[in-house]
Each structure stands twice: as C-alpha cells, then as structure tokens.
Amino acid sequence: MFRPLYICLIYLSNLNYITMKKLSLFIVAFALFTIQATAAITGPVKPNTALRAELVELIGSECTFELDKNVCTAEVLFTVNSNGEVIVLSVNSSNQRAEAYIKGKINYKKVSHKIKKEGELYLLPIRIVKS
C-alpha cells in the first residue's frame with residue numbers, strides 16, 4: 001500500500017531536480033547572453049588628433065554659407081571604411097546649411113587614418129566661428 005506512494009515521491013523529487021537543473025542552466029545562459037549583448041554596445045569615441053586635423057583640413061576655413069550667430073556648433077557622427085573613406089552617418093546642428101556643408105565636405109573623402117576596428121564610430125564636435 002505504501003509502495004506506490006513511495007515511488008511517486010521519488011519520481012517527484014527527481015522531476016524537481018531535473019527542473020531545477022534546467023532552470024539554473026537557463027539562468028546562466030541568459031546571464032551570459034545579457035553580458036555579451038551589453039559588452040557589444042559601445043558609444044562613439046573621439047577621433048585621434050591626426051584624424052581630427054585631417055578632417056578639419058578637409059572642411060577648410062572658408063564657409064560658403066551665412067551664419068545666423070557668431071558661432072555655429074555641430075556634432076558629426078562618422079566611421080571610416082576599409083578603403084579609408086569617411087562615411088558621415090549624421091550631422092547634428094541647429095543650422096541646416098552647416099549640416100549640408102560639413103557633410104558635403106567630408107563624406108566619402110579619403111583619409112590616411114588606419115582603422116583599428118571595422119565599423120568603429122567616431123563623434124567629432126565642430127565649432128564654426130564667424131570671421
């Protein structure tokens with residue numbers, strides 16, 4: 001009479017053990033995935049001084065558009081492809097003409113910068129002063 005109850009209890013304890021083992025394995029796998037995913041997300045970095053100087057030279061000192069204020073600021077988000085070309089992803093500025101001017105000056109222009117990692121993003125702050 002007690003034998004079926006005993007077998008049922010052993011089965012349930014084994015079932016709990018298997019379920020807990022699978023659950024703990026799932027938790028460990030989820031934690032590793034989360035850590036890996038957050039490590040892959042990195043923000044843009046500032047370009048080194050040589051790359052910055054090269055981009056400033058490409059942009060030039062002669063502005064072909066009128067500035068509304070004495071100073072115009074912009075942030076350029078770009079990457080350098082395997083051919084050594086600057087790929088402008090976005091230009092954020094309050095002046096629409098400055099955005100078009102900067103993008104037209106440096107987009108797909110070759111630079112001598114050697115890339116360390118394919119697809120690395122750079123953020124270049126630019127200040128244009130009215131002369």
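Please treat every number below as a calculation from the coordinates, not as lab data. None of the values given here were measured: they were computed from a predicted structure. No Cβ is skipped: glycine too gets one built from the backbone with ideal geometry, and neighbour counts run over all protein chains shown.
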### Task
Set the Förster distance to 35 Å, then compute FRET efficiency between S112 and V71 from the Cβ-Cβ distance, nearest 0.05.
0.75
### Message
Going by average Cβ density within 10 Å per residue, which order do the peptides 84-97, 108-121 take, highest to lowest?
### Response
84-97, 108-121
### Pair A53, L25: separation of 7 Å Cα→Cβ label points (nm)
5.8 nm
### Query
Over all distinct alpha-carbon pairs, what is the Kirkwood Rh of segment 43-131 in angstrom?
13.3 Å
